[in-house]
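Participant: Quick one: the structure is below, questions incoming.
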Amino acid sequence: MTADSSIIGVEASIAPQIRDDALHENNITKRGNGVLLVIPTNNVAKKSPKRPKTHASDFEGLMIPGPDHISDLPKEREPIYKQPEDLKGRLKTADQLKKSNVKFTNRVVYDSIAPNPFLVKDNNEDSSTAEMDDEEEDLQAHRDSQYTPSEYIKVKLLKQNGEDVMAECMDLDEERILLQHEGILQGCQQPYYMPTGPEDSTLIFESRFESGNLRRATLVAENEYDLHLNNDKGTRGHTQWFYFAVSNMAKGRKYKFNIVNLLKPDSLFNIGLRPLIYSTRYAQERQVGWYRGGYDICYYKNKIKKEKGDYYTLTWTFSCETDDDTYFFTQSYPYTYSLLQKQLHSLDETLKDSNFYQRELLCKSMGDLRCDMLTITSPDPPASRPGVILTARVHPGEVNASWMMKGAIEYLTSNRAEARELRDRFVFKIIPMINPDGVVYGNYRCNLAGADLNRKYDDPSKERHPTILHVKKLAKKFSEERNVELFCDMHGHSRKKNIFMYGCLEPNDSARSREIRIFPKLLSTMSDLFNFKDCSFNLSKLKLNTGRIVMYSEVNIMNSFTMEASFCGCDYGRLANLHFLTSDLEEMGKNLLQALLVYRTDQQIVNSLRKELGGDDKNAVESPCDGITSLGSDDGDNTDMTIIKTKKYKKTRKLSGARREVRKFQELMIHEQDDSGREDADDEQDGGRIKYTEQPTTPRKLSKAEVPSDKSVDMYSRAYSIITLFMFVLVVFLSIYLFK
């Protein structure tokens, strides 16, 4: 191990399953029974000096892999939460009363970034510095020691108290608290705050593990904590994804958590979504995995001042059900980079003798992590065999995308007859995680450069957006070799229910528009989770640089879609008012491939859907308002539409000058944004303000129905109308004069 490397974490359980060559490619070093993930903080900068130097060490201090959660699902489906009508008012009143409680106000008990004030016990500056230096030496020594995490913490506390390291007497309550952290602190992280004794009921928070996100916890009232989330790296916003651990809870006691720096004006938490909870004891003793819980769940605007826009609070109350336990709270089922690597390695071992599966490195990310690509097809594919491109996790916080991708990969690599036929008929290129850096760091939407990668497809940078650059190159090269039947980018949605798609539709080409809508319509007939009515098809000006539109316009893939899965569940059918499980999301990935097979092989069904979608030009083009709900924009910007003006519009306006005709023509030229505001979820760059580069729009040829009538621009007709009106007024005045 080199001196310029930073050890990120230790995980012994996956060591036997990772091959030496994969470890080498991933900058992972094997030592004994453990795996140490090493980020070379200086070497990365030397290899690529153009990359920001600070990004190479962004993973320092994170536990990688993260906590190991069992994947057992609830035995019964979990209903959505029904919010009491007066809850929001009661919570706002409680916020006002809370300000008068001086005792607990602004007592920080956890901060994932700031220095820990509880570690400094000497007022002398020199001795404090010496203690901190000793601390670093002890941390380095522990990396090569035989201590378990809990043993290490015990040793540290005994040293700080001036006691013998080998002392065996320790307060039982203190030992209980320490043992709760085993499994959380494998990255040698000490708790930010340690209770002073059995009577200290302060909670212990932790988020410094892979994909974790909690910046600060503040005790504001008895058993009530205000929580701040980390912004995405390099941004001042995108606070959405949360994932943290809590210990030192007492059975039967109620705890209230308030996440106070959210930016969206509304959330699925107001229409039934519940936080996910994981009990370490339940997992060990009852084999219970993640489950939905909490009550008094509400999302509302708070009174915290913000320079531009507003902050919003997500609050819930939790009744502790066990003692001596560690609980985890998150927005949706975590799917980490380490979990993906583990599952891909398992797939490598299972299919090592197959001739239809190949895993290769597409490229490395800014943080020097793997961006894998899978090629799945029967051997020796002819050029006539069409291609399919599937991608996921361009937005790291949208974890449901990975569960859909997992279902698609497992189905496609199975021994089922349909899977074999799919491999015989298509060549699949699959990129399961486009933004691994954001996933590891706990970002919601961006990469380490603070860039929303799904807004960089038009002109990706080699240094700042390497994965997007290679995905785009792959798609162009792939389309030169064979026809690409489908591009599907998987996402999650935080404001709408159901699963649906966004596609590309041109109003002046009714036949092509009808063809584009066939595949989503077919998918809705094959899945109880997919709702065609929630789909939206357009070429919004604000999304010209997204994956689906670039693949449609530059790579010429007609069936280019974004598939969105709600963080909550369905609002119709047999699963109405129930939360999605990971098995539902995996089933959706399977349904996607089943629909693709039918789309390719059963022309009778396709023709039937084509007829249903409209045989004439009048019904072929979807209304601009289709797919738009009362939620408005889902990205922090309440602008719901963009007007695109063409040269022809300006000419017509100059000719006619009639307001009603201009307005009619203007409405025809409106390209509405998707309900998410900007592709799949949530753009809140720079505190909710959208930043994008305007793209030039090509004037399109108007149909006869769109061109204003000749009467509206006929100057002679208008002059005739004016003269007629003048003559009428003149006759009236003359009549009055003569009668007098």
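The values are calculated or read from the model by the stated rules, or taken from the named source; none is laboratory data. What you see is a predicted model, and the numbers here were worked out from it, not measured in a lab. Don't worry about glycine lacking a Cβ; one is built from the backbone with ideal geometry, like all the others, and counts go over all protein chains shown. Just so you know, the surface numbers come from the protein's heavy atoms only, side chains and all, with ligands and any DNA or RNA stripped out. Shrake-Rupley method; radii C 1.70, N 1.55, O 1.52, S 1.80 Å.
Participant: Go through (1) at pLDDT below 95; (2) closer than 19 Å to Lys305 by Cα; (3) not acidic (Asp, Glu) for Thr196 and report which single condition fails.
Facilitator: (2) is the only condition that Thr196 fails.
Participant: If you go through the stretch 296-331, how many residues are part of a loop (DSSP other than H, G, I, E, B) and without any contact (Cβ under 8 Å) to a residue 60 or more places away in the chain?
Facilitator: Going through the stretch 296-331, the residues part of a loop (DSSP other than H, G, I, E, B) turn out to be 302-311, 320-325, 331.
When the remaining residues are screened for being without any contact (Cβ under 8 Å) to a residue 60 or more places away in the chain, the result is 304-305, 310-311.
Qualifying residue count, the stretch 296-331: 4.
Conditions tested, residue by residue: (1) of a type in the set (D, E, K, R); (2) buried (at least 20 other Cβ atoms within 10 Å of the Cβ); (3) without any contact (Cβ under 8 Å) to a residue 12 or more places away in the chain.
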position	(1), (2), (3)
Tyr333	no, yes, no
Lys352	yes, no, yes
Asn355	no, no, no
Met366	no, yes, no
Asp372	yes, no, no
Pro382	no, no, yes
Val388	no, yes, no
Asn400	no, yes, no
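Participant: Give me the pairs: first residue in the stretch 213-233 and within 23 Å of Ala250 (Cα to Cα), second residue of a type in the set (Val, Ile, Thr) and part of a strand (DSSP E or B), beta-carbon distance under 6 Å, and six or more apart or on different chains, which are they?
Facilitator: Matching pairs, first to second residue: Ala217/Val109; Thr218/Val108; Leu219/Val109; Asp226/Thr218; Asp226/Val220; Asp226/Val260; Leu227/Ile259.
Participant: So Gly569 fits all but one of (1) closer than 30 Å to Pro275 by Cβ; (2) open to solvent by 50 Å² or more (accessible area, probe 1.4 Å); (3) in contact with a helix residue (DSSP H, G or I) (Cβ under 9 Å, 6 or more places away or on another chain); what number is the exception?
Facilitator: Tallying (1) closer than 30 Å to Pro275 by Cβ; (2) open to solvent by 50 Å² or more (accessible area, probe 1.4 Å); (3) in contact with a helix residue (DSSP H, G or I) (Cβ under 9 Å, 6 or more places away or on another chain), Gly569 fails exactly one: (2).
Participant: A further question follows. Quick check on my filter: what residues within the stretch 586-625 are assigned to a loop (DSSP other than H, G, I, E, B) and either touching a strand residue (DSSP E or B) at 6+ places or on another chain (Cβ under 6 Å) or modelled with pLDDT of 95 or more (or both)?
Facilitator: So the first thing to find is which residues in the stretch 586-625 are assigned to a loop (DSSP other than H, G, I, E, B), and the list is 602, 613-616, 621-625.
The answer is Glu622, Pro624.
Participant: Additional query: Looking at Leu339, is it open to solvent by 10 Å² or more (accessible area, probe 1.4 Å), in contact (Cβ under 8 Å) with a residue 60 or more places away in the chain and not in a strand (DSSP E or B)? Give the steps one after another, and end with the answer.
Facilitator: On the way: open to solvent by 10 Å² or more (accessible area, probe 1.4 Å): yes; in contact (Cβ under 8 Å) with a residue 60 or more places away in the chain: yes; not in a strand (DSSP E or B): yes.
Considered against the rule, which asks whether it is open to solvent by 10 Å² or more (accessible area, probe 1.4 Å), in contact (Cβ under 8 Å) with a residue 60 or more places away in the chain and not in a strand (DSSP E or B), Leu339 comes out as yes.
Participant: So, one more: Kindly indicate whether Ala217 is modelled with pLDDT of 95 or more, open to solvent by less than 10 Å² (accessible area, probe 1.4 Å) and farther than 20 Å from Ser332 by Cα.
Facilitator: On the way: modelled with pLDDT of 95 or more: yes; open to solvent by less than 10 Å² (accessible area, probe 1.4 Å): yes; farther than 20 Å from Ser332 by Cα: yes.
Yes.
Participant: Shifting gears a bit: Is it true that some residue in the stretch 279-298 is more than 18 Å from Pro334 (Cα to Cα), of a type in the set (Gly, Ala, Ser) and open to solvent by less than 10 Å² (accessible area, probe 1.4 Å)?
Facilitator: No, there is no match, as no residue in the stretch 279-298 is more than 18 Å from Pro334 (Cα to Cα), of a type in the set (Gly, Ala, Ser) and open to solvent by less than 10 Å² (accessible area, probe 1.4 Å).
Participant: With the requirement that a residue be open to solvent by less than 100 Å² (accessible area, probe 1.4 Å) and at pLDDT 85 or above, what does the stretch 90-112 give you?
Facilitator: Those that are open to solvent by less than 100 Å² (accessible area, probe 1.4 Å) and at pLDDT 85 or above: Leu91, Arg107, Val108, Val109, Tyr110, Asp111, Ser112.
So that you can scan it fast, the table gives a plain yes or no per residue for (1) of a type in the set (A, V, I, L, M, F, W, C); (2) within 15 Å of Ala392 (Cα to Cα); (3) over 16 Å from the mean Cα position of the chain (by Cα); (4) open to solvent by less than 30 Å² (accessible area, probe 1.4 Å):
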| site | (1), (2), (3), (4) |
| --- | --- |
| Val471 | yes, yes, yes, yes |
| Phe478 | yes, no, yes, yes |
| Leu486 | yes, yes, yes, yes |
| Asp489 | no, yes, no, yes |
| Leu505 | yes, no, yes, yes |
